[in-house]
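Accompanying notes for the structure given below.
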Amino acid sequence: MSVGLPLILHDNRFEDAVPVASTTAAGFSVLHVRDWRPYTWWKPATLPATVKVDCGSVQTADYAAVYGHDLGTRGATLEIRGSTDNFVSSSDVVASIVPANDGPIVLTFAPASYRYWAIRITGSTAPAIAIAAIGRALQLPRRLPLGFDPLGRKVRGDTNRSEAGHPLGRNVQFEEWTGSISARVTWSWLRDHWQPAWAAHLRDMPFLFAWDPSDHPTETRLVVAADDYRAPTEAGEFARLTLDVSGVA
């Protein structure tokens, strides 16, 4: 995986089988970590706590992501672990972080293969997590073109005016971010990597888009795709892939 190239994150080992938590607070199902919803949560009752999954066979991962959490506020540590024997004697730390804030977390690491994968949380106060993923990242082969705007946003809400038209204020519901994932790609990459991801997840489920995972991981967005993508022919064995996406800023 090349450093700094944009990542599309959707592959998730927690979807290979039912994840199991070592401890869960009442009303916070562990299944919420894999539903791609930022408003449903898993929370352990005590720490340390783990969420592990038996993939059924050896599976490879090269990234981990957490979206929607208060690990930073709670001063917790997050570890990504792999095991060959369901964490009996094998428990390798693949990556770890002590988050400085509650923004999105994206960890990349050298591809590792295990049958059993887990996240482990340590600390003194139990945090809550909305989305957790461990899997294979879909990396764009090039950086985004000039003009990509990672910070622009649109206010969604109601603008209030007086009977004479004077502005009285605005009821802000949320701020929306929209962007275009665009890259010059080979036809083989489009067929071998993009189309399987589109059919498996991207066309009908939210996913994470990290435009600059190395330097700006907290600007990772949970997005949904537009109804279509475009891939017109360019010179040689290339196509121009373009997909419009939107999410909460």
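The table that follows gives values for the structure above.
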quantity: Residue in region 39-60 that is without any contact (Cβ under 8 Å) to a residue 40 or more places away in the chain and not aromatic (Phe, Trp, Tyr) present; calculated: no
quantity: Residue 169, sole failed condition from (1) closer than 12 Å to residue 138 by Cα; (2) touching a strand residue (DSSP E or B) at 6+ places or on another chain (Cβ under 6 Å); calculated: (1)
quantity: Which listed residue is touching a Phe, Trp or Tyr at 6+ places or on another chain (Cβ under 7 Å) and polar (S, T, N, Q), from 218, 233, 242; calculated: 242
quantity: Complete set of residues in region 193-249 that are touching a Pro at 6+ places or on another chain (Cβ under 6 Å) and charged (D, E, K, R); calculated: 219, 240
quantity: Candidate set: region 105-128, residues that are assigned to a strand (DSSP E or B) and in contact with a helix residue (DSSP H, G or I) (Cβ under 6 Å, 6 or more places away or on another chain); chosen: the one nearest to residue 238 (Cα to Cα); calculated: 106
quantity: Boolean, residue 187 is out of contact with any His (no Cβ under 8 Å at 6 or more places or on another chain), under 30 Å from residue 237 (Cα atoms), among the aromatic types (Phe, Trp, Tyr) and modelled with pLDDT of 95 or more; calculated: yes
quantity: Residue in region 229-247 that is under 23 Å from residue 63 (Cα atoms), in contact with a strand residue (DSSP E or B) (Cβ under 7 Å, 6 or more places away or on another chain) and part of a loop (DSSP other than H, G, I, E, B) present; calculated: no
quantity: Only one of 82, 75 that is touching a residue at least 24 places away in the same chain (Cβ under 8 Å), touching a Ser or Thr at 6+ places or on another chain (Cβ under 9 Å) and surrounded by fewer than 21 Cβ atoms within 10 Å (Cβ to Cβ); calculated: 75
quantity: Residues within region 197-223 that are out of contact with any Leu (no Cβ under 9 Å at 6 or more places or on another chain), outside any loop (DSSP other than H, G, I, E, B) and under 21 Å from residue 142 (Cα atoms), tallied; calculated: 1
quantity: Complete set of residues in region 63-80 that are assigned to a strand (DSSP E or B) and either in contact with a helix residue (DSSP H, G or I) (Cβ under 6 Å, 6 or more places away or on another chain) or closer than 25 Å to residue 206 by Cα (or both); calculated: 63, 64, 65, 66, 67, 68, 69, 78, 79, 80
quantity: Answer residue from region 147-187, given it is outside any strand (DSSP E or B) and among the acidic types (Asp, Glu) and is farthest from residue 210 (Cα to Cα) among those; calculated: 163
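The values are calculated or read from the model by the stated rules, or taken from the named source; none is laboratory data. The structure displayed is predicted, hence computed values, not measured ones. All Cβ positions, even for glycine, are placed from backbone atoms using ideal geometry, and neighbour counts span all protein chains on display.
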